[in-house]
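Enquirer: This is the structure I want to talk about, given as C-alpha cells.
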Amino acid sequence: MVKAKYIKDHVTGYGKDVSRATRNKFDISNQLIVKAALGDEKSLTQIADMGKLGERLQMSLPTIKDHLKNYIQGNTQYNQTLSELYKEGGKGALAIDKAASDLTLENTKFNNLLEEYKERLFISLEAEEDRHLDQMDTIKLQAWVDSQMKEIDYKVQMENISNKPYIAQLKADEDYENKKIQHILQNGSESDLTLIPRKQYITNPLSRMWQSIRDFFS
C-alpha cells in the first residue's frame, strides 16, 4: 500500500488563502483526497456522497469517477502534476517554481482586491450615512421654520382682531372731536356737548378684557 508520506504537496503552501477558500466553500481538502486515495472508507464515503450530489445536479454522470471529475476537477490536475513531477524530476521542479510564483501573485491579487472592495464599501456606507443625516437635518429645519412662520401668522391675525376695538375707538374719538369743534363754532355759549353722541368701544371692563386677549396672543 502506498504511504501518505510519499505524497508530496509542493504548491498548497503558496496559496494558503486560495486553498482555504476552496476548503470553506466546497469542503475539499488535501487530507480528504489523500485519505481517499489510500483507501480510507470514511473519506471514500464522503466523496461518493459528493458525487451523488453532483449527479443530481448534472443529471448525466453515471459513475463515481465522473462525479469526482466534475465536482473536483482541480484535484485531477493536482494529481497529474504530482505524477509528472516524479517522472520529470528537475524539469518538473522548475515548472513547480514557476507555478508557485504565479499562484503567489494570484493570491496577492485576491487579497488586494478583497481589501479594496471592503474599503470602497466602507467609504460608500459612510458617505451615505452623512448624506442621510444632512437630509434629515434639512427636513427638520424646514419643518421648524414652517411651524414658526405659521405661529407668527396666527398671532398677527389674532392681534389684528384684538386691535379692532382700539382702532375703532381712535376713529370714534377723532369724529367726536371734529363734531365737538363744529358744534361749539356754530352754537357758541349755547353749546351743549351732551347733544353730540360719543361712541365708546372700550370701557374699563372691556379694556381689561381686550388687553388680556392681546397679551395672550402677543
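The values are calculated or read from the model by the stated rules, or taken from the named source; none is laboratory data. Predicted, not measured: the structure shown is a model, and the values here were computed from it. Counting neighbours? That spans all protein chains shown, and the Cβs are built from the backbone with ideal geometry, glycine included. The protein model used for the area step is the full one, side chains on, heavy atoms only, and it has no ligands, DNA or RNA in it. Shrake-Rupley method; radii C 1.70, N 1.55, O 1.52, S 1.80 Å.
Enquirer: Sorting check: for 10-23, 122-135, which peptide has the highest mean count of neighbouring beta carbons within 10 Å, and how do the rest follow?
Expert: 10-23, 122-135
Enquirer: State, to one decimal in nm, how far the label point of PHE110 lies from the label point of ILE167, with both points 7 Å from Cα in the Cβ direction.
Expert: So the two model labels end up 8.4 nm from each other.
Enquirer: Using Cα-Cα distances under 8 Å and only pairs 6 or more residues apart, what relative contact order does region 110-206 have, in percent?
Expert: Relative contact order, region 110-206: 26 percent.
Enquirer: Give me D for region 107-195 in µm² s⁻¹, whole number, from Stokes-Einstein with Rh from the Kirkwood sum over alpha-carbon pairs, 4 °C and 1.567 mPa s.
Expert: It diffuses with D of about 63 µm²/s by this estimate.
Enquirer: If I stretch the segment between ALA99 and ASP192 completely, what's the gain in nm (0.36 nm per residue apart, minus their alpha carbon distance), one decimal?
Expert: Using 0.36 nm per residue and subtracting the Cα-Cα distance, I get 20.8 nm.
Enquirer: Given a 1.4 angstrom probe, what's the average accessible area per residue across region 103-144, in square angstrom?
Expert: About 91 Å² of surface per residue is accessible.
Enquirer: Of PHE122, GLN157, TRP144, which is farthest on the positive side of the dipole of region 121-161, counting Cα position, with +1 on Lys and Arg Cβ, -1 on Asp and Glu Cβ, and the Cα centre as origin?
Expert: Towards the positive end, the residue furthest out is GLN157.
Enquirer: A further question on this structure: Between HIS10 and ARG120, what is the spin-label point distance in nm, taking each point 7 Å from the Cα along the Cα→C-beta axis?
Expert: That separation, rounded to one decimal, is 3.8 nm.
Enquirer: Given 0.36 nm per residue, what is the gain on full extension from HIS132 to TRP144 after removing their alpha carbon distance, in nm?
Expert: 2.5 nm
Enquirer: If we sort 45-52, 140-147, 152-159 on the protection proxy, mean other Cβ atoms within 10 Å, highest first, what's the order?
Expert: 45-52, 152-159, 140-147
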